Amino acid sequence: MGFRDELRVLFLAAEAAPFVKVGGLGDVAGALPQYLRSLAMGSDQGGSIDKKFDDLKIDIRLVIPFHRAIRAEEFNAKFLMEFDIISSEGSIEAEVFWTTINNLPVYLISGPPISASEQIYSQDPAEEGFKYTFFSIASLKLVEELNWYPDIIHANDWHTSPAVYALSFNQNRKGDLKNTVALLGVHNLPYLGVRAGLSLSKFGLPPATDSDLPRWAQDVPLPLGLLTADHIVTVSPTYAQEILTPEFGAGLDDFLKGRQKSISGILNGIDIEHWDPEIDEYISSSYQLTTLSKKNVNKTSLLDESGLSKEKGRPLFAMVTRLDRQKGVDIALDAFHRLMDLHWSVIILGTGDPSLEQRAHNLEREFPDRVRFENRFDVSLSHRIYAGADMLLIPSRYEPCGLTQMIAMRYGTVPIGRATGGLLDTIIDYDQTSGSTGFVFDAAEPQSLEGAIRRAIHTYGDQRRWRGLQRRGMRQNFSWEESARNYLRLYIQLVDKKTR
């Protein structure tokens, strides 16, 4: 093996909970390193990969930018060191702060490109490119300054792809970094970091003009990371296949087909302690698999809170989502108009595209006894919705992984999702077999979603079958521990292959 009795992993991300969280990456970077650090392969229910890994220790360390939104005093972050990063605009000082979260070492990198930025993600490509290229280069420099050389550098999305690209140059593969595996996690392929090429060149990273990348992608961070990573991992197995197609490949599908043997998918997990109806402090009545009937108390409470009809036998649908075309919100709004011959109610929670917000408001005004639109971000309400709704709609046009369907099943709320990405990997379509957990539809069209909803409402009328669906969903294992095991297996395979 290339490593000793300890596997060293440097985990790079633009955000990580609880420090700062904007999207799903924050959940992953906040949870996965902690689960990996505590994971003992010998406790794997399926047995470890090899008995010689039973005592393997994992020294994983998280590195994120020290965004202005992060309060040092809240996390007891202490100054560790400073060093210079060379650019065409002169030497730029990087400052590193250090803390721990549940014994996980976390490094926060600051410097003018980061501290000058008001937002985690700005709309200015030049600012974004310079900030995250600086962060990526500083992360590699940090390794040298610490004299701590990882076996794996696990970068994520375009923001840390410059670290992967920089690592590919001979001058960066010196000493103890020469056998370091570069793993690039892709959470949402279309976010490429376009128009950051000038920033890359300022830090000595030239365009990949002699590569197989399309010409337009030769100075774009994520494609450069995809080009030079030893391995690429997406956030679900199905999404790993979808990015090889024109529909989901963001113009890189032909290039990615050439890298197909180096692409895999591992499903994200959820925090099963945070999302647990047995101990959830936000809901009206706690329950579990053996006391599922108590879920009805939460439904009644939610209907009272929202002012919707409590007509007996009327199913309650829900959407907890960002109002965005990707999420298929427009598909759902159109589908509801096609279902007026049936009895149902829906509660929608979320913010996003102003035009979709307006359409949701209009639907509520048109059908006030059926529709409630909560146009805000509300953590406690989201918990009450998961506990009180009968069904959750996820009609996404594409969904690299998705977490809401997993949370819904944890609460005995039956998901209705499109057959794409992580939705297809986690929802087993209802076909009256023992394994079904929800309803899946194929086309990103209102008619297709309408058909799935009609099937769901019909099944809801048979409460014996409905309880079976709920229970099978609640038995699913979507824990981060399961995901972490899969990542550890991948780490070991990649390091073994690299150092043979």
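The numbered conditions (1) within 26 Å of Val233 (Cα to Cα); (2) buried (at least 18 other Cβ atoms within 10 Å of the Cβ) are all true for Trp148 except (2).
Pro415 meets each of the listed conditions (1) within 25 Å of Ile270 (Cβ to Cβ); (2) not in a strand (DSSP E or B) apart from (2). For first residues located in region 474-500 and within 30 Å of Ser293 (Cα to Cα), partners that are hydrophobic (A, V, I, L, M, F, W, C) and surrounded by fewer than 17 Cβ atoms within 10 Å (Cβ to Cβ) and lie 6+ apart or on another chain with Cβ distances below 8 Å form the pairs Met474/Leu289; Met474/Leu292; Arg475/Leu289; Phe478/Ile272; Ser479/Ile272; Trp480/Ile272.
When the residues of region 231-254 are filtered to those that are of a type in the set (Gly, Ala, Ser) and under 21 Å from the mean Cα position of the chain (by Cα), which remaining residue is nearest to Asp27 (Cα to Cα)? Here the answer is Ser236.
Contact map, region 281-303: residues that are among the charged types (D, E, K, R) paired with residues that are assigned to a helix (DSSP H, G or I), Cβ distance under 7 Å, separation 6+ or inter-chain. Pairs shown: Lys295/Ala387; Lys299/Gly388. Screening Gly421 with (1) touching a strand residue (DSSP E or B) at 6+ places or on another chain (Cβ under 9 Å); (2) in contact (Cβ under 8 Å) with a residue 60 or more places away in the chain; (3) over 20 Å from Gln241 (Cβ atoms) gives one miss only, at (3). Please work out if Gly204 is closer than 28 Å to Gly402 by Cα and either aromatic (Phe, Trp, Tyr) or surrounded by fewer than 22 Cβ atoms within 10 Å (Cβ to Cβ) (or both). It is false that Gly204 is closer than 28 Å to Gly402 by Cα and either aromatic (Phe, Trp, Tyr) or surrounded by fewer than 22 Cβ atoms within 10 Å (Cβ to Cβ) (or both).
Results for (1) touching a Pro at 6+ places or on another chain (Cβ under 8 Å); (2) of a type in the set (Gly, Ala, Ser), shown as yes or no for each residue.
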{"position": "Ile385", "(1), (2)": "no, no"}
{"position": "Asp390", "(1), (2)": "yes, no"}
{"position": "Ser396", "(1), (2)": "no, yes"}
{"position": "Ile428", "(1), (2)": "no, no"}
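Note on region 304-345: residues that are of a type in the set (Lys, Arg), touching a residue at least 60 places away in the same chain (Cβ under 8 Å) and not in a helix (DSSP H, G or I) amount to 1. Note on region 393-418: residues that are over 20 Å from Pro237 (Cα atoms) and touching a residue at least 60 places away in the same chain (Cβ under 8 Å) total 6.
Okay, residues lined up against (1) closer than 24 Å to His187 by Cβ; (2) of a type outside the set (Ser, Thr, Tyr); (3) modelled with pLDDT of 95 or more:
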{"position": "Met406", "(1), (2), (3)": "yes, yes, yes"}
{"position": "Gln432", "(1), (2), (3)": "no, yes, no"}
{"position": "Gly435", "(1), (2), (3)": "no, yes, no"}
{"position": "Gly451", "(1), (2), (3)": "no, yes, yes"}
{"position": "Thr459", "(1), (2), (3)": "no, no, yes"}
{"position": "Gln470", "(1), (2), (3)": "no, yes, yes"}
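Each residue in region 186-222 was checked for being of a type outside the set (A, V, I, L, M) and part of a helix (DSSP H, G or I), and 7 of them qualify.
Test Val143 against the stated conditions and say whether it is of a type in the set (Val, Ile, Thr) and in contact with an Asp or Glu (Cβ under 8 Å, 6 or more places away or on another chain). It is false that Val143 is of a type in the set (Val, Ile, Thr) and in contact with an Asp or Glu (Cβ under 8 Å, 6 or more places away or on another chain).
Please enumerate the residues belonging to region 253-268 that are more than 14 Å from Leu184 (Cα to Cα), touching a Leu at 6+ places or on another chain (Cβ under 7 Å) and buried (at least 16 other Cβ atoms within 10 Å of the Cβ). Result: Asp253, Phe255, Asn268. Counting only helices (runs of 4 or more DSSP H) wholly contained in region 62-176, the ones carrying 2 or more residues that are in contact with a Lys or Arg (Cβ under 8 Å, 6 or more places away or on another chain) and of a type outside the set (S, T, N, Q) occupy 112-115, 125-146. Under the condition of being more than 20 Å from the chain's Cα centre (by Cα) and over 18 Å from Thr228 (Cβ atoms), the residues counted in region 255-281 number 5.
The values are calculated or read from the model by the stated rules, or taken from the named source; none is laboratory data. This one's a predicted model, so the numbers in the text were calculated from it and none came from an experiment. Please note: Cβ atoms are built from the backbone with ideal geometry, for glycine as well, and neighbour counts cover all protein chains shown.
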